[in-house]
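Worksheet: one structure, shown below.
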Amino acid sequence: MLDFTACERLNSAMDRRTFLRHSSAALATAAFSSCSTGAEIPTLHVFTWSDYLDPALQQKFETLHKCKVVIDTFDSNESMFAKIKGGAAGYDVLVPSSYMVKALVRENLLLKLDHSKLSRLKNIDAGHLSKSLDPKMEYSVPYMSAPTCVAYLGSKLGNIEPSYSIFTNATAKGRTTLLNDMREVIGAALLSLGFSMNSVDSDEIAKASQVVIEWKKNIAKFDNEQYKSGIASGEFFVVQGYAGELITIAAENEDVQVFIPKEGSASSCDDLCIPANAPNPALAMEWIDFLCEAEIAAQNMEYIGYRAPNSAAYRLLSEDFRGNQILFPDDEALFAKCVPIDDIGDNVTVWSAAWDQIKAS
């Protein structure tokens, strides 16, 4: 079992995030309260996941560039993609997962990045780029990455094998959650069977669907949000979730144990990119370059609990954070089993049909 004592520096992270989530808009308003007259302030509109930026960095960028940053959020790659493809205008920066970047590029919805305006790209981890879906950073720059993990209550389940078999544990019947994400859940089932989590083979996907249907008999719900408070409060005994949140929860509650399944897992990366119809692409470039600065990336990592693929930032991290075995594992063999979710193009229809079958079962 992995040791999470290294995460103690995050002990107040959830309360801090809850407070700042409600106050970040007030911070931005206060920063510009003296600018209600005179020239119009440039505004950068960012479309991203919730709680995915240290608000102090937002305020710092606003001060440096004499602008305002407006954060809008989405709860799934698919909803974001549908909105952008549907013609939504006004966004300057998007933060999709890597596989969705490929889909956006295929639909001609992204600008090609001007590297002459991104001086800090040299900080990006070359090892990460070697496995990236956009290794030359033509359309996107890596922002944050982490494996998808499983968390459980040690007091309820004891010392168990770090495997997807936990999803059928009788003790956790009705007290288990899986992510409400077909790529994560069917992908996990594919891995449990020894297949690629990016498989487009209809027979393999059918077999994986049956595995998920068996898991479904044991779960309370498919969920992307409540699992966090549920595992922390003891409402849920087992949850599938994202490393950043689960590491934070484990640091606050010693009963919460977190592992990467031995069969492997998704290694998700969310990227920074600029939509083709961005109203302020120059300021968007400044934002991306700002987030690639080593000191900024390190501060942001420690705040949100994810790993930014930024080699220059690693040396600036606290010893506790750098020693985290989920984000910076010593077990390279297990780390190698964590693979990016890839774009599957038109084969998504096979997956969608399988997901519909699972939900209807």
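Observations
- Qualifying residue in region 246-253 (condition: under 21 Å from SER132 (Cα atoms) and within 15 Å of the chain's Cα centre (by Cα)): no
- Filter result (of a type in the set (Asp, Glu) and in a helix (DSSP H, G or I)) within region 120-141: none
- Criterion violated by LYS68 - all others in (1) touching a strand residue (DSSP E or B) at 6+ places or on another chain (Cβ under 6 Å); (2) among the basic types (Lys, Arg); (3) under 18 Å from SER132 (Cα atoms) satisfied: (3)
- When the residues of region 216-229 are filtered to those that are closer than 19 Å to TRP49 by Cβ and not charged (D, E, K, R), the one that is modelled with the lowest pLDDT is ASN224.
The values are calculated or read from the model by the stated rules, or taken from the named source; none is laboratory data. As the structure is a prediction and not an experimental result, all values here were calculated from the model. Cβ coordinates were reconstructed from backbone atoms using ideal geometry, including for glycine residues, and neighbour counts include every protein chain displayed.
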